[in-house]
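For reference, the structure is listed below as structure tokens.
The values are calculated or read from the model by the stated rules, or taken from the named source; none is laboratory data. Note that this is a predicted model, so its numbers are computed, not measured. Every residue, glycine among them, receives a Cβ derived from its backbone with ideal geometry; neighbour counts consider all protein chains shown.
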Amino acid sequence: MAKNHMDENRGAAEPEVFAISRDGSKWKLSRRDLLKAGAALGGAVIGGRVLAEEGKKVESDVSCNGVFAHEGGVQALAISPDGKRLFSGSKDGAIKIWALPEGALVKTIEHKAEVCSLAISQDGKAVFSGGADEVIKRWSALNGTPLESLNPSPYGRTDPSKKKDDSASKSLAERTSLVECIAISLDGKTLVSCNHDNSVSLFSLPDGKLLKTLWENTDNVDCLAISPDGKILYVAGGDKTIRRWSLPDGAPLETLQGHEGTVYCCAVSPDGRTLASGSYDKTIRLWSPEHGSSKAVEGHTGTVRCLAVSPDGKILASGSYDNTVRLWSPPDGAPLNTLNGHTNNVTCVAISPDGNTLYSASADKTIRRWSLPDGKPLGCLMDIAASTSDAKGIQYKITDTVTGQTTTYTLPCGSPIPPGSICTCNCVPGARSVPVPSTHCTCNQVHYWYPN
């Protein structure tokens, strides 16, 4: 629990705290009265941490200094179809569920091994995680409870005969290698995983039965993408190629060549007419899949590790080992913006279903938010347990009057407040200010919730 700022000012006058309602009206209570009235109003509010200096690279009034989302590098992001949940996976073995748009941590679940990939079912009810324990696990996307218990299997292709083993008796539990990536078709019937034994596995959903294993790649498989119509699977990796397969039968089609290094990421435009790929060669290539032609887009100075296309197809976001996120305009690849803030390799990017927010994650253990299309930084997601003791944060509780369940949220200082609410600052000794409505909360003891 965050330490209350006023505990460090013992003997000082008690600050006033303002509650906020959706209609803009407000109530003024002392901190003591607020705590007494907490249950009746629907949530007790806890103060934030001591202020910390902002990071030099963050072009924002939101400080991310000492604010972390995980205890290890973040390697996977996935957003629910309704845009209300963000899932993150990390080297620390944890999967975290974040409430959107607030960015508050809802729950942490343990994959119990390095998490490399995440995918959410099209109905939004299940999240799948793959990682270094060589399995794919299924969880409830609503509360994080396990939906399927899976057992790890030996690593690697120990028997060459496995190349032709398409036994339908196998399941998600019988993966044979680190699971690098997962994708689910838009009809929700097929899950595809790419694995570090050079294979690609096709599973049926919801039963998780293995349909077929593709063995054509001659090196590690690092990324895959499924066309919007669900008919084409793109697979790429260490052999520098992008292979096209038909779905659901897994028949081989064309092989696209052009990159000069490992292909680490690929993404398809919403209309299916453009395929984007990113590589160790520091370039992005924009392909016309029907014709096999491509255009190289340059700008990054390090490996291009992740890609995401906005729902309207007008923005391509890329993350790189040069620590930047860049925005491009498909299909010509014109540069739009360069987003600075991460202090280590950018490993994944994801765009909200409404196209208004970009999330980027990094080996620096942070998840950053950016507005689209302008690329304005909106701060970081915060797990108070993973952050430093002097990280700027606001912790508050909300009690659901219907279920009686109380949830504690923590946001970095300066985070955007939920839509429809008004944040009003109270007066803190040594940092007095006139309470004014705002769209962001500062660390001068700002609290907000929705009284009934």
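Quick rundown of the values:
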quantity: Condition broken by residue 361, with the remaining ones in (1) crowded, with 24+ Cβ neighbours inside 10 Å; (2) more than 22 Å from residue 93 (Cβ to Cβ); (3) modelled with pLDDT of 95 or more satisfied; calculated: (2)
quantity: Criterion (crowded, with 16+ Cβ neighbours inside 10 Å, of a type in the set (Ser, Thr, Tyr) and at pLDDT below 95) met by exactly one of 241, 255; calculated: 241
quantity: Those residues of region 318-357 which are within 13 Å of residue 267 (Cβ to Cβ), at pLDDT 95 or above and in contact with a Gly (Cβ under 9 Å, 6 or more places away or on another chain), in sequence order; calculated: 318, 319, 328, 348, 349
quantity: Strands (runs of 3 or more DSSP E) completely within region 57-143 that count 1 or more residues being more than 11 Å from the chain's Cα centre (by Cα) and free of Cβ contacts under 8 Å to residues at least 60 places away in the same chain; calculated: 94-99, 104-110, 115-120, 126-131, 136-140
quantity: Residues located in region 275-296, provided they are closer than 20 Å to residue 320 by Cα and either assigned to a loop (DSSP other than H, G, I, E, B) or among the β-branched types (Val, Ile, Thr) (or both); calculated: 280, 281, 282, 283, 284
quantity: Test: residue 313 is over 20 Å from residue 376 (Cα atoms) and either outside the structural domain of residue 358 (by TED's automatic domain parsing) or not in a strand (DSSP E or B) (or both); calculated: no
quantity: Residue check, residue 313 surrounded by fewer than 21 Cβ atoms within 10 Å (Cβ to Cβ), under 23 Å from residue 283 (Cβ atoms) and over 18 Å from the mean Cα position of the chain (by Cα); calculated: yes
quantity: Any hit, region 192-212, residues being modelled with pLDDT under 90, among the β-branched types (Val, Ile, Thr) and more than 22 Å from residue 278 (Cβ to Cβ); calculated: no
quantity: Residue count, region 321-350 (criterion: among the small types (Gly, Ala, Ser) and under 21 Å from residue 86 (Cα atoms)); calculated: 2
quantity: Only listed residue being surrounded by 18 or more Cβ atoms within 10 Å (Cβ to Cβ) and more than 25 Å from the chain's Cα centre (by Cα), chosen from 227, 279, 269, 294; calculated: 294
quantity: Hits in region 254-274 - residues which are assigned to a strand (DSSP E or B) and farther than 17 Å from residue 221 by Cα; calculated: 268
